[in-house]
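The values are calculated or read from the model by the stated rules, or taken from the named source; none is laboratory data. Just so you know, these numbers come straight off a predicted model, no measurement behind them. In this analysis, Cβ positions are derived from the backbone assuming ideal geometry, glycine residues included, and neighbour counts consider all displayed protein chains. Just so you know, the surface numbers come from the protein's heavy atoms only, side chains and all, with ligands and any DNA or RNA stripped out. Shrake-Rupley method; radii C 1.70, N 1.55, O 1.52, S 1.80 Å.
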Amino acid sequence: MKDSDYGWSEKGVIAINIERIWKEARKENKFIDEFTKTYAHELLHTLLEDLELPELAEEETIRAILGETWDSKLELAYSE
Ligand SMILES: [Zn+2]
C-alpha cells in the first residue's frame, strides 16, 4: 500500500491506511465516517473480485453503488 492510498484490497485481504485517514480527519466522528466509507469501498472490491471486471469498470461500479465521485480526472488517475 502506498502512503497516498486510503485503502487497498486483494484476495480477500483488506488494508486501511488509518494513519492517513486519522491525519486528515483529526476528529473521532470524521475518522469513523471516513474509515467506514473506505472499508465499504474495499469490501466491495473483494466481493466483486470474482467477476473479473476490467479494473476501471470495477472502480466505477463501486463508486456508483456508494454514490462516490467518478469523473475523467479520477479515471485518468486509475489508468496510470
Ligand atoms: Zn477502489
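Mind listing whichever residues of region 1-20 are outside any strand (DSSP E or B) and either in contact (Cβ under 8 Å) with a residue 40 or more places away in the chain or in contact with a Lys or Arg (Cβ under 9 Å, 6 or more places away or on another chain) (or both)? Break it down stepwise before answering.
Quick first cut of region 1-20, residues outside any strand (DSSP E or B) only: 1-6, 11-12, 17-20.
Result: ASP3, SER4, ASP5, TYR6, ASN17.
Residues of region 38-64 being open to solvent by 70 Å² or more (accessible area, probe 1.4 Å), more than 11 Å from the ligand (Cβ to nearest atom) and more than 16 Å from ASP5 (Cα to Cα), which ones?
Within region 38-64, LEU47, ASP50, LEU51, GLU52, PRO54, ALA64 meet the criteria.
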